Amino acid sequence: MASTQVSDFGSSHSVLGVMEVANKPEMGIPEMYIRPQQPSIRSDEPSLPTIPVFDFKSLLHENSRDAQLLKLYTACKDWGFFQVVNHGVSSELLQKLKHEVEKFFQLPIEDKKKYQIRAGDVQGYGSVIRCKDQKLDWGDRFYMVINPVERRKPYLLPQLPPSLRESLKSYFKELRKLGMELLGLLGKAIGMEMKEVEEFFYDGMQSVRMTYYPPCPKPEMVVGLTPHSDATGITILHQMNGVEGLEIKKGGVWIPVTFLPDAFVVNVGDIMEILSNGAYTSIEHRAAVNKEKERISIAMFFNPRFEAEIGPVKSLLNSENPPLFKTMLMEDYFKDFFSRNLNGKSHLDKMRLKTLHSLKHST
Ligand SMILES: O=C(O)CCC(=O)C(=O)O
Ligand SMILES: [Fe+2]
């Protein structure tokens, strides 16, 4: 299906996905989807803690700002995840997008093949295969870079069915505004100036992943999306058809996230942990699947510009707060990320400086 060649980010093969398998339950679950014993210490406490919720309009409101910013700071430090309601993106747009994305994933496999990730690339439909015995996720996905515009692939966004393309474009635009506002607030909550935030993120690298997780006859034997932390600045996730499955790792156990209707779940990515010099935490998460119903999600990733140097923000550093992470060109950081498989927080660990201070903090 694929020969290896070098392109934008590393080299690889790809497979299209699991929907074909899921549509033929008589085939059973192929070996390559079956996980060795999952570390699924799913919390079974009767009342689980839930991620903090913010009303976006009141986050922006001057009067309640200081208290809200403190709450935001604590959410990003202790949870690395929060929900946003009243975010201003209309239910109509969300409904329309859901409909279009659903329709897209239901297209015959032949129609989706033209978007398949090409050898050596990471953008497109399907999953990247890097080694022979790699386990596959129980989900079909479509990943593409949407900003800067010159990094778009001519055979992806421009070739999508027009009604999906138009809904996606409106969504990108709305989320870009929301994303910048959220980045500004997260920056402000740790004492960054908006100017500094913009130096990193203005016209930054923005990408999107849409995932369709089909139902699975034995959901406990597979994983919808391998545990990982996002390599991003922040991620804004929308659970399009209201079916749950996102789980986050807190205190060593996996906690399911319950989404409020039409809410966005926002999470701190590795880059934000680096910029904040560890004040914020990029949390490991995964997606579980279920027996009954497919699940559809759309994750929008906000990153610095490719030319930005990513490392702890200089104005936050002093003798009490020495840098805990290396500084690296964003372009190189992403090349390195895409050349590896998702694997917990291993990518971020590579950026860690081994200082006395960090050793003290990691114990
Ligand atoms: O589908 C989900 O709930 C999680 C998606 C996700 O974590 C990602 O795309 O990075
Ligand atoms: Fe993620």
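List of remarks:
- Dipole axis of the chain (+1 Lys, Arg; -1 Asp, Glu on Cβ), positive-most option in Leu329, Val15, Met205: Val15
- Considering only Ser297, Ser127, Ser339, the mean-square fluctuation computed in a Gaussian network model of the chain, springs between alpha carbons under 10 angstrom, is largest for Ser339.
- If you take the alpha carbon atoms of the range 115-249 and fit the smallest convex hull around them, that volume is 157 Å³ per residue.
- Built amide H within the under 5 Å cut-off of Trp254, gap 5+: Ile41, Arg42, Ser43
- Per residue accessible area in Å² of the range 96-206, where ligands, DNA and RNA are left out and the probe is 1.4 Å: 44
- Sites matching GluC sites (Glu not before Pro) across the range 306-336 that sit in DSSP coil, with at most 14 neighbouring C-beta atoms within 10 Å: Glu307, Glu320
- Under 5 Å, built H, 5+ apart or other chain: amide partners of Leu246: Val257, Ala288
- The residue list Phe172, Ile129, Gly269 was ranked by how far each Cα lies along the charge dipole of the range 17-362 toward its positive end, using unit charges on Cβ atoms, and Ile129 comes out on top.
- The shape of the range 54-95 comes out oblate: with a ≥ b ≥ c from the C-alpha gyration tensor, a/c is at least 1.5 while a/b does not beat b/c.
- Using only side-chain charges placed at the Cβ, +1 for Lys and Arg and -1 for Asp and Glu, the dipole size of the chain relative to its Cα centre rounds to 500 debye.
- Per-residue ³J(HN,Hα) for the range 123-138, Karplus 6.51 cos²θ - 1.76 cosθ + 1.60, θ = phi - 60°, Hz, x for Gly and Pro: 8, x, 8, x, 10, 7, 10, 10, 9, 4, 9, 4, 7, 9, 7, 7
- Peptides 250-257, 277-284 ordered by average Cβ neighbours within 10 Å, highest first: 277-284, 250-257
- Remark on Met205: its backbone amide H falls under 5 Å from those of Asn303, Arg305, Phe306, a criterion applied only to residues 5 or more positions apart or on other chains, H modelled at 1.01 Å from N.
- Summed over qualifying helices (DSSP H, 4 residues or more, each -39500 (n - 2.57)) and divided by its residue number, the chain shows a 222 nm mean residue ellipticity of -8500 deg cm²/dmol.
- Backbone HN-Hα couplings from phi across the range 304-316 [Karplus 6.51/-1.76/1.60, Hz, Gly and Pro as x]: x, 4, 4, 8, 6, 8, 9, x, x, 5, 4, 5, 8
- In whole percents, the pair-distance distribution calculated for the range 98-172 from its alpha-carbon pairs, binned every 5 Å from zero, is 3, 14, 24, 27, 17, 10, 4, 1.
- In order along the range 268-283, the Karplus-derived 3J(HN,Hα) couplings, from 6.51 cos²θ - 1.76 cosθ + 1.60 at θ = phi - 60°, round to 6, x, 4, 5, 5, 5, 5, 4, 7, 6, x, 5, 9, 10, 8, 9 Hz, and Gly and Pro are given as x.
- For the range 208-281: rounded, prolate or oblate by the Cα gyration tensor [a/c cutoff 1.5]: prolate
- Fraction of antiparallel bridges per DSSP, the chain only, in percent to nearest 5: 90
- For the chain, the share of accessible area belonging to carbon and sulfur comes to 54 percent (1.4 Å probe, ligands and nucleic acids excluded).
- Once the convex hull of all Cα atoms in the chain is built, its volume per residue stands at 144 Å³.
The values are calculated or read from the model by the stated rules, or taken from the named source; none is laboratory data. Everything numeric in this text was worked out from a predicted model, so none of it was measured. So basically every Cβ, Gly included, is an ideal-geometry build from the backbone, and we count neighbours across all protein chains shown. Heads up: the accessible areas ignore ligands, DNA and RNA and are worked out on the full protein's heavy atoms, side chains in. Shrake-Rupley method; radii C 1.70, N 1.55, O 1.52, S 1.80 Å.
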